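Engineer: Please read through the structure below; I'll follow up with questions.
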Amino acid sequence: MNNIIEINNLSKCYVVDNTPIPVLNDVSFDIPEGQFVAVMGPSGSGKSTLLYLLGLLDHPTGGQYFLDEEETSKLDDKQLAKVRNEKIGFVFQSFNLLRRTSVFENVRIPLVYSRIPETEHKDKVKKALESVGIEKALWKKHPSQLSGGEQQRVAIARAIINGPSIVLADEPTGNLDSKSGEMVMKVLQDLNKKGHTIILVTHETSTSEYAERIIRLHDGKVESDTKVSGRRYIGEKEYSK
């Protein structure tokens, strides 16, 4: 199996009031295509910073990051934006949906910046929403009219609308009750079964157990990298609020 991600001695240091603050220190690991990985660690361990670097939303201070065998440091801003839009889907704890925009139009937004003809937008949005269990009756509603679990599933539909090979999820169940969180994890597991590489940041052990591999960070370094024993699976069931 080919590695979709390879990082070598990746580091990130911020400077605040002329004082360097290291966040990641010489982090190295590979992620094979189609793997479901959870990244864990205490607050301040660097896990969200790592996710932002993998998502090309920030630049490392040192080291190398290869995505599909291409060294990302050699890409200019336009090329980075293209890779983000075509290869990477983002899911955030706070959903990041436009409040005054319908569910349907929220999911369609990435298509506006793609090369996909507008005539194909409706069908693609329809398929994305159906794949995460959002019924048609909700498509014209605004995010505030949905439950937290429904909003997160809409956010996932938006993340996958362009068919990215990688989905990055930063604490996707952090604002949800246990039942809604389980539904979101089922969606992510279903995407993984379809071939998407999933990288999930979480502080919840129960959530990390849905992954097949857990990378633990501590003080900006990889503390452990293990396969999940007794991985949790969610059986077939209807999506609900």
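Engineer: May I ask you to list pairs of residues, at least six apart or on different chains, whose Cβ atoms are under 7 Å apart, with the first in segment 1-26 being more than 23 Å from L67 (Cα to Cα) and at pLDDT below 95 and the second being hydroxyl-bearing (S, T, Y) and part of a strand (DSSP E or B)?
Structural biologist: What qualifies is I21/Y14.
Engineer: Given (1) in contact (Cβ under 8 Å) with a residue 24 or more places away in the chain; (2) out of contact with any Asp or Glu (no Cβ under 7 Å at 6 or more places or on another chain); (3) over 22 Å from R231 (Cα atoms); (4) not aliphatic (A, V, I, L, M), identify the lone condition not met by D76.
Structural biologist: Checking D76 against (1) in contact (Cβ under 8 Å) with a residue 24 or more places away in the chain; (2) out of contact with any Asp or Glu (no Cβ under 7 Å at 6 or more places or on another chain); (3) over 22 Å from R231 (Cα atoms); (4) not aliphatic (A, V, I, L, M), the one that fails is (1).
Engineer: Looking at (1) modelled with pLDDT under 95; (2) more than 30 Å from K78 (Cα to Cα); (3) among the hydrophobic types (A, V, I, L, M, F, W, C), can you tell me which one A137 breaks?
Structural biologist: So A137 meets the others, but not (1).
Engineer: Also, I was wondering about something else. Given the conditions (1) under 17 Å from the mean Cα position of the chain (by Cα); (2) of a type in the set (S, T, N, Q); (3) modelled with pLDDT of 95 or more; (4) more than 30 Å from N9 (Cα to Cα), and given that S165 satisfies all but one, which numbered condition is not satisfied?
Structural biologist: Just one mismatch for S165, condition (4).
Engineer: Same structure, new question: Among residues belonging to segment 175-190 that are crowded, with 16+ Cβ neighbours inside 10 Å and in contact (Cβ under 8 Å) with a residue 60 or more places away in the chain, point out the one that is farthest from E130 (Cα to Cα).
Structural biologist: Across segment 175-190, the extreme among qualifying residues is N175.
Engineer: Restricting segment 32-74 to residues that are farther than 22 Å from D190 by Cβ and polar (S, T, N, Q), which is nearest to the chain's Cα centre (by Cα)?
Structural biologist: Among those that are farther than 22 Å from D190 by Cβ and polar (S, T, N, Q), it is S48.
Engineer: Give me the residue from segment 199-217 that is within 23 Å of K12 (Cα to Cα) and part of a loop (DSSP other than H, G, I, E, B) and, out of that set, modelled with the lowest pLDDT. Steps first, answer last, please.
Structural biologist: As a first pass, look at segment 199-217 and keep what is within 23 Å of K12 (Cα to Cα): 199-203, 214-217.
Those still in the list that are part of a loop (DSSP other than H, G, I, E, B) too: 202-203.
On the way: T202: 94, H203: 89.
Only one residue fits best here, namely H203.
Engineer: Here's something else I'd like to know. Taking the conditions exactly as written (among the polar types (S, T, N, Q) and within 25 Å of L67 (Cα to Cα)), does Q93 satisfy them or not?
Structural biologist: yes
Engineer: Only one of D58, D68 is in contact (Cβ under 8 Å) with a residue 24 or more places away in the chain and under 16 Å from I4 (Cβ atoms). Can you tell me which? Steps first, answer last, please.
Structural biologist: Details: D58 fails: under 16 Å from I4 (Cβ atoms).
The conditions single out D68.
Engineer: Going by the structure shown, is E120 touching a residue at least 60 places away in the same chain (Cβ under 8 Å), assigned to a helix (DSSP H, G or I) and charged (D, E, K, R)? Even if it seems obvious, please write down each step before you answer.
Structural biologist: Details: touching a residue at least 60 places away in the same chain (Cβ under 8 Å): no; assigned to a helix (DSSP H, G or I): yes; charged (D, E, K, R): yes.
Against the criterion (touching a residue at least 60 places away in the same chain (Cβ under 8 Å), assigned to a helix (DSSP H, G or I) and charged (D, E, K, R)), E120 does not qualify.
Engineer: S114 - would you say it is under 27 Å from N2 (Cα atoms), modelled with pLDDT under 95 and in contact with a helix residue (DSSP H, G or I) (Cβ under 7 Å, 6 or more places away or on another chain)?
Structural biologist: So S114 fits the description; yes.
Engineer: If I go through segment 75-84 residue by residue, how many of them are over 20 Å from the mean Cα position of the chain (by Cα) and either surrounded by 15 or more Cβ atoms within 10 Å (Cβ to Cβ) or closer than 20 Å to N25 by Cβ (or both)?
Structural biologist: Of the residues in segment 75-84, 1 are over 20 Å from the mean Cα position of the chain (by Cα) and either surrounded by 15 or more Cβ atoms within 10 Å (Cβ to Cβ) or closer than 20 Å to N25 by Cβ (or both).
The values are calculated or read from the model by the stated rules, or taken from the named source; none is laboratory data. Just so we're clear, the structure is a prediction, and the values are computed from it rather than from any experiment. Every residue, glycine among them, receives a Cβ derived from its backbone with ideal geometry; neighbour counts consider all protein chains shown.
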